[in-house]
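None of the figures in this text is laboratory data; all of them are computed from the coordinates on show. As the structure is a prediction and not an experimental result, all values here were calculated from the model. Using ideal geometry, Cβ is built from the backbone for each residue, glycine included, and neighbour counts are taken over all protein chains shown.
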Amino acid sequence: MGNIDIYIDDIEKEYNIEEEKIKKIIETVLEKCIEIEKLRKDIIVNVEIVGDDRIKEINNSTRNIDKVTDVLSFPMYEKKDFEEKLEEIYVENNIPTILGDIVIDILQVERQAEEYNTGIIRELSYMTVHSFYHLMGEDHMEEEDKKVMRQKEENVLKELGELCK
């Protein structure tokens, strides 16, 4: 597997899931995404787990949206440039490829898990998959794009099986 860096912000342990479990879920999900998409093994993805204040700050500074959100994705490549980078991502060339950064608000994920009655593991898994596909250039602004992205997300969650039920 490639390099998955997971940093958990010091949010005074306000959340109800152990840090090691968070890391294991994210690593497992990203490894499955990379396997399903048949990407080479030296992909780099950085993940930061934060609380409400930090994600609101990042959301405001990067998108001018002054509110809490569940997840933010920062792809290394713009969608228009992504196609050119596909060969680099799929072909072994001994040069690691950075897909981008993911920032997840674990407190918002917990609230959504309760709201949607999905459970924290499934919700965290979904947010990770969703972010991964944004890093891969997927979008859900248009209805057809949304269908494609949702199908890919559900395929990964299905492959993960019991982890995401």
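Whole-Hz Karplus values for region 72-79 come out as 10, 10, 10, x, 5, 10, 5, 3 Hz, taken residue by residue from phi with 6.51 cos²θ - 1.76 cosθ + 1.60 and θ = phi - 60°; glycine and proline positions read x.
Remark: the K67-M141 segment gains 24.7 nm on full extension, using 0.36 nm per residue and subtracting the alpha carbon distance.
What order do you get for 96-107, 143-154, 122-133, 47-58 when each peptide is scored by the mean count of other beta carbon atoms within 10 Å, highest first?
Details: 96-107: 21.6, 143-154: 13.4, 122-133: 23.7, 47-58: 18.8.
With the highest mean Cβ count within 10 Å placed first, the list reads 122-133, 96-107, 47-58, 143-154.
Taking Cβ atoms as reference points and 12 Å as the exclusive limit, the residues near Y133 contribute a net charge of -2, counting Lys and Arg as +1 and Asp and Glu as -1. Close amide H pairs (under 5 Å, H built 1.01 Å from N) link M76 with G100, D101, residues at least 5 positions away or on another chain.
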